[in-house]
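Presented below is the structure to which this report refers.
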Amino acid sequence: MLIGVLALQGAFLEHYTHLNKVKSQHDLDFDITLVRTTEELKQCDALVLCGGESTVMLAQASRHPGLLEELTEFCQDPEKPVYGSCAGMILMADIDGVAGGKKPQKGLGAIPGMKVWRNLYGNQLDSFEAQLEMPELSSPQIPFPAIFIRAPAIHSFGKSAKSTIQPLCALPPALSADAPSPDTHLGPADEDALRVVAVRKGKKLATSFHPELSPDLRIHEYFVRQLCLK
């Protein structure tokens, strides 16, 4: 099992370091590599899309021959494990499921039906940390310290996708994102979806927050154990 970390921009070194720590601490049988080219991506069995600037990542990918097309195909393959944090969640959204920000943007369609609103939690000064209950993690009785920096929010789930997308944790109402204007192609937001900050669909995992910036390795361990090695 070779897990790639897309290394075009953003916190890819932090994800790479976390995965290496999971490998060494739990003696798990997988390898990690940084991915910048089409050829490197083709060698991977799984992929991590890191936090950063999703528009910059897409622009960088389009400059490498065939990389954006290969990346889209990889993300849409239901047998390929993919994890996206923050900007990575935006990239994993439905192809026409991204709104917010100054420029129009497409998702890669890794989680069909998931609609995402960029930077809905505000700017850099609005960053915050929340202790999240996530029963699927090892040591579930210990809350996960989730760091939100210019974070996206899940706007809604399509009707056909709602039953197949598993919410893993949600924010309390006091910290949840406010519903954006419905005057976009995404339509009105779903109040329940706006609270959800981590989801799984089959071998796809996405979080609004940055676990790679926390010392806690449990999200990365969950991705490896439950999505990659099963």
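Read-outs: derived from the displayed coordinates by stated rules, not from any lab. Since the model is a prediction, treat every value here as computed from it, not as a measurement. When we count neighbours, we look across all protein chains shown, and the Cβ atoms used for this are built from the backbone with ideal geometry, even at glycine.
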Quiz item: How big is the Rg/Rh ratio for the stretch 1-123, C-alpha atoms only, Rh by Kirkwood, two decimals?
Solution: 0.97
Quiz item: If you look for lysine pairs in the stretch 73-202 that are eight or more places apart or on different chains, how many of them have Cα atoms under 21 Å apart?
Solution: 15
Quiz item: Based on the alpha-carbon gyration tensor of the chain, what equivalent-ellipsoid semi-axes (square roots of 5 times the eigenvalues) come out, in whole Å, largest first?
Solution: 24, 21, 16
Practice problem: Could you pull out every one of the aspartates and glutamates with an alpha carbon less than 18 Å from that of K23, ignoring same-chain neighbours closer than 8 positions? | Solution: E14, D31, D45, E212, D216, E221
Quiz prompt | Whole-angstrom Cα spans of the stretch 151-220 along principal axes, big to small | solution = 39, 28, 19
Self-check item: Within the chain, helix-based [θ] at 222 nm, where runs of 4 or more DSSP H residues each add -39,500 (n - 2.57), nearest 500
Solution: -6500 deg cm²/dmol
Quiz prompt | Relative contact order of the chain, defined on C-alpha pairs under 8 angstrom at six or more residues apart (%) | solution = 19 percent
Quiz prompt | For the stretch 60-76 and the stretch 126-144, distance of Cα centres in Å | solution = 32 Å
Self-check item: Protection proxy ranking, peptides 36-43, 88-95, average beta carbon neighbours within 10 Å, highest first
Solution: 88-95, 36-43
Quiz item: Where both partners of a DSSP beta bridge lie in the chain, what percent of those bridges are antiparallel, to the nearest 5?
Solution: 50 percent
Quiz item: If the convex hull of the alpha-carbon atoms of the stretch 93-230 is projected onto planes in all directions, what is the mean projected area in square nanometres?
Solution: 8.4 nm²
Quiz prompt | GluC sites (Glu not before Pro) within the stretch 50-119, DSSP loop, no more than 14 other Cβ atoms inside 10 Å | solution = E79
Quiz item: At a Förster distance of 22 Å, what's the computed FRET efficiency of E69 paired with Q43, Cβ-Cβ distance as r, to 0.05?
Solution: 0.85
